[in-house]
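The values are calculated or read from the model by the stated rules, or taken from the named source; none is laboratory data. Quantities reported herein were computed from a predicted structural model and do not represent experimental measurements. Quick reminder, even Gly has a Cβ in these numbers, built from the backbone with ideal geometry, and neighbours come from all protein chains shown. Accessible surface areas use protein heavy atoms only, side chains included; no ligands, DNA or RNA. Shrake-Rupley method; radii C 1.70, N 1.55, O 1.52, S 1.80 Å.
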Amino acid sequence: MFGDLHGSLHLFDEMIKKISLTKDDLVIILGDSCDRGKDSIGLYIRYTEMIKDGYNIKHIMGNHEYMFLNHYLLRGSMTMQWVNNGGYKTVKSIEYRNLTVKDLKWLISYLKTMPHMISSKSYIFVHAYYNPSLDETKQDPEHLMWSRSPFWLMNNTGKEIYYGHTPNRDNKIKVRENNCYSMDVGAVFFDKLSIMEIKNKEVFVVG
């Protein structure tokens, strides 16, 4: 279970080696792999290469993916909202690899397929927020990507909920009330990443 990586390809690669990832494992990334860090495009390249090679990686749509896709890749617009939230670093990573938007059709397709939520009998995975008072089919995608309301105080779903979006200032995974887990450890700010194996709650750290 990975929280927000924000262009930290080196931490992702280091973690994959540390946990000895196999093709039988499921990796869920809770969104926001782009912006702020050095190599956003490299992260998406790594994911797609691994998926083609048979690894099981699921990536949720974060608000940064949403801005990257809808502001820049589809419209060619560098809005201040996106730029001020680290979007310029993503543009730099595109230029560093001598790519243009025309070269990124594969990435547009990949981002468009990202779900806003993944759920199972025991778990719910979202980028930012989940409304326990609404059915899963009636969740608002904008809230799932952007809200910072303390939904964990109201979690009555009977499921564990994992989310990112808001960085934990101590660079650690936070266990919230009612079986909710805050997974954004601010890896790009601390150059240190923590992830969790959710079945046994084992935490792994690199950086």
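Listing for the model above:
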item: Computed FRET value (nearest 0.05) for residue 138 with residue 96, which takes r as the C-beta separation and R₀ as 35 Å; result: 0.25
item: Fraction of antiparallel bridges per DSSP, the chain only, in percent to nearest 5; result: 50 percent
item: Accessible area of the range 1-152 divided out per residue, in Å², using a probe of 1.4 angstrom; result: 49 Å²
item: Counting DSSP beta bridges with both ends in the range 89-207, the antiparallel % (nearest 5); result: 65 percent
item: Distance cut-off 17 Å, percentage of C-alpha pairs in the range 37-141 lying past it; result: 59 percent
item: Residues of type lysines that residue 89 reaches as a straight line, Cα spacing below 28 Å, ignoring anything fewer than 8 places off in the same chain; result: 17, 18, 38, 52, 58, 102, 105, 112, 172, 174, 192
item: Carbon plus sulfur fraction of accessible area for the chain, probe 1.4 Å, in percent; result: 50 percent
item: 5 angstrom amide H check on residue 59, placed H, neighbours 5+ away; result: 29
